[in-house]
Amino acid sequence: MAAPRIRFLPDDGFRTAVTARVNEYFAQTGKARTAGPAIYAKAIIYGALAVVAYLALLTLHGGALVSLGLALGYGVSILFLAMNLAHDAAHTAVTGHRRTDFLIQRAVFVFLGVDGYLWRMRHDGSHHVFPNVNGCDIDIDQNPILRLSPNHGARPWQRYQHLYAVFAYMLTLLHSIFVSDLIYLRKTSLANMRGIRHARGDVAMFWAGKAIYFTILLWVPLSMLDLPWWQVLLGYVLVTAVQSLIFVFLLVGTHFSIEASFPKPDGSGTMPTSWAAHAIETSVDWSPESRLAHFFSGGANAHAAHHLFPRVSASHYAAITSIVRATAREYGLRYNETTFLGAIARHFSYLKSLAREESAERDFRDECECDDRDGGVYVSPAA
């Protein structure tokens, strides 16, 4: 007997209402949904900082500590460039032209060492369709290190996960570069995505991107810096650890929190809410209307607006968050909001609560099939 396909309930009016009100906002302001001057300005700032830091690293020869500081400046600038420009581009929200935006996103991700095409496929095609749904959202796939969902089974050592999680998070970028990218390149099935095939051009660009990254981040510094090779490699590891922690702390509390929900389908595969209501109640905003928060996080802090309107540039999230918040409350939906420090604290409280909970009685991912059509944002990988 075929497993039932997971489906959300029909729109109860919330999605229609919030979409109409956001459309009215754009009509009244005359603004385009794509990136405005603020996004391009941030891209110039972060891009320029990265170039200056990298060139200074290769030419100043100021010793180990100065070199490490410049390397950190380069790495952090590239990370913020990715979060503020490439993330919008992954959702075709920079220029609005698919090929142009995907090229921007992929080019920026090269300097992070992560393949932009594979990341976009997972992020746009899985996480945005089924956030926090076990077996369907690749971002919460069960792993032996951390228990990230109450619907996952627990392993004995995970009772201490709130204590060691920060050390695991420090390895996030290195794992993506050296392990998960290679795994995802070979997979034909990921979460809700089936029959994945990669175009030869995408595979070629994958390897070209890795070659460019290792040339810029390792070969050139090893060749040009007047430092022992082990110091260069240690500096590289430290930079990736800092990049990882910044990335994780800006994002991890937006879904993995004591306030976010992790709903399960019933026996027929039906989720308890509509897709839009699900997007609201599985997201947590932190300081969503803060300009400073947006400057660094690229809109990740206004996560509910992002999940409801992924094709809208992050430059608008501060403005439309008030619409999302008011409409959610009007329809009796739980809108989750905190501060940056609150998001981090709630995340570690969440990890601790899962460490103490018993294993889930069953894992429904083998009983239901994900239906990738409900969210309306899934783009199949190129064949």
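The values are calculated or read from the model by the stated rules, or taken from the named source; none is laboratory data. Because the structure is a prediction, the values reported are computed rather than measured. Positions of Cβ are generated from backbone atoms using ideal geometry, with glycine treated the same way; all protein chains shown enter the neighbour counts.
Overview of values
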{"item": "Matching entry among Ile6, Ile39 (being touching a Cys at 6+ places or on another chain (Cβ under 9 Å) and either buried (at least 19 other Cβ atoms within 10 Å of the Cβ) or of a type in the set (Gly, Ala, Ser) (or both))", "result": "Ile6"}
{"item": "Residue within segment 249-257 that is touching a Leu at 6+ places or on another chain (Cβ under 8 Å), at pLDDT 95 or above, surrounded by 23 or more Cβ atoms within 10 Å (Cβ to Cβ) and farther than 22 Å from Ser77 by Cβ present", "result": "yes"}
{"item": "Qualifying residue in segment 90-104 (condition: aliphatic (A, V, I, L, M), more than 30 Å from Leu9 (Cα to Cα) and not in a loop (DSSP other than H, G, I, E, B))", "result": "yes"}
{"item": "Residue check for Leu79: under 18 Å from Pro310 (Cα atoms) and surrounded by 15 or more Cβ atoms within 10 Å (Cβ to Cβ)", "result": "no"}
{"item": "Flag if Gly62 is in contact with a Ser or Thr (Cβ under 8 Å, 6 or more places away or on another chain), within 30 Å of Val220 (Cβ to Cβ) and surrounded by fewer than 18 Cβ atoms within 10 Å (Cβ to Cβ)", "result": "no"}
{"item": "Pairs, first free of Cβ contacts under 8 Å to residues at least 24 places away in the same chain in segment 211-235, second aromatic (Phe, Trp, Tyr) and exposed (fewer than 13 other Cβ atoms within 10 Å of the Cβ), C-beta under 9 Å, six or more apart", "result": "Leu222/Trp229"}
{"item": "Filtered residues of segment 148-180 (kept if assigned to a helix (DSSP H, G or I) and closer than 17 Å to Leu79 by Cβ)", "result": "Tyr169, Thr172, Leu173, Leu174, His175, Ser176, Ile177"}
{"item": "Matching entry among Leu55, Leu49, Leu60 (being modelled with pLDDT under 95 and more than 21 Å from Val248 (Cβ to Cβ))", "result": "Leu60"}
{"item": "Any pair with Cβ under 7 angstrom, 6 or more apart, that starts in segment 48-71 at a residue that is over 14 Å from Gln231 (Cβ atoms) and ends at one that is hydroxyl-bearing (Ser, Thr, Tyr)", "result": "Leu49/Ser77; Ala50/Tyr74; Ala50/Ser77; Ala53/Tyr74; Ala53/Ser77; Tyr54/Tyr74"}
{"item": "Selection count, segment 1-36, where residues are within 29 Å of Phe102 (Cβ to Cβ), assigned to a helix (DSSP H, G or I) and of a type in the set (A, V, I, L, M, F, W, C)", "result": "4"}
